[in-house]
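Reviewing the structure listed below.
Throughout, read-outs are computed from the coordinates displayed, never taken from laboratory work. Here the structure is a predicted model, which means the values were calculated and not measured. Cβ: placed from backbone, ideal geometry, glycine included. Neighbour counts: every protein chain shown.
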Amino acid sequence: MQVNDIKEFTKVMYLLGSAFGREIKKELIDVYWEILKELSLEQFKNKAYILIKTNKYFPVIAEFLEVPDKQDKSILAWQKVLYAFKIVNCWNSVQFDDSVIHSAIEMLGGWRRFNEMTIEERKWAEKDFYKYYSAMQNKDAHPKYLVGYSEFEQNRDGFFDMIKAPIKVYSDLRGEILVQEPKEVKLIEEYNKLFPNDKIDGSEEHTSELQSRL
């Protein structure tokens, strides 16, 4: 941020104070400005917005540095999780195109536990997800997918032949989040086995093309 951003910075600080019932004094603004001026004004505003949504108490300086801004990959990752929660639900197993999500959700207790959370619990889980996602970035291996209730119960009861492939959640080239049903996944896998030199991915365009090729 530049010196001419102080006025807008101060407005956001007062907004934070209102949100958390904290009195904002000049000394507090000066301290926060000295450390947080390394951020752009847009980054600071984005982080403040996320902290208002996810924090119970007025955020300390370190939290502004830890929380992602809207350009961070973890934001898109969380959007995919919420999309899958609404569309796929906990009954089905789910596989994200970003496998780091699998590790982060496991850290939150797993896919089934995530779906059992109350609205309030999920609100606070968002901040933990960002932290876990960031921590898992350098991990060498991640779970291949997240197990839903159906697969869990069939594994438990020995009905292994009834286990369905996980539903895939991915973003296309336009950034739109989409799901791919197990039937489509199987179709693509079969095609790639038949034509290893002409492999295709799970994009919407490729899936529709595949119907005519096979």
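What the Cα convex hull of the stretch 3-66 gives, in volume per residue, is 76 Å³.
Using only the Cα atoms of the stretch 72-180, what semi-axes does the equivalent ellipsoid have when each is the square root of 5 times a gyration tensor eigenvalue? Give whole Å, largest first.
22, 16, 14
Loop-located GluC sites (Glu not before Pro) in the stretch 13-96 (DSSP state not H, G, I, E or B) with no more than 16 neighbouring Cβ atoms inside 10 Å: GLU23, GLU38. Share of pairwise Cα-Cα distances greater than 18 Å in the stretch 113-177 is 63 percent (whole percent). Applying 1/(1 + (r/R0)^6) with r as the Cβ-Cβ distance of GLU121 and GLU42 and R0 = 25 angstrom yields a FRET efficiency of 0.25.
Each label point was placed 7 Å from the Cα along the Cα-to-Cβ direction; for TYR49 and VAL3 their separation is 3.0 nm. Among the listed pairs LYS45/LYS144; LYS47/LYS168; LYS25/LYS131; LYS11/LYS139, those with a Cα-Cα distance over 32 Å are LYS45/LYS144; LYS11/LYS139. Converting phi to 3J(HN,Hα) with the Karplus coefficients 6.51, -1.76 and 1.60 and the offset θ = phi - 60°, the stretch 126-134 yields 4, 5, 5, 4, 4, 5, 5, 4, 5 Hz in sequence order, with x at every glycine or proline. Were the residues from LYS25 through LEU82 laid out at 0.36 nm apart, the gain over their Cα-Cα distance would be 16.8 nm. Neighbour counts of other Cβ atoms within 10 Å put TRP33, TRP91, TRP111 in the fewest-to-most order TRP91, TRP33, TRP111.
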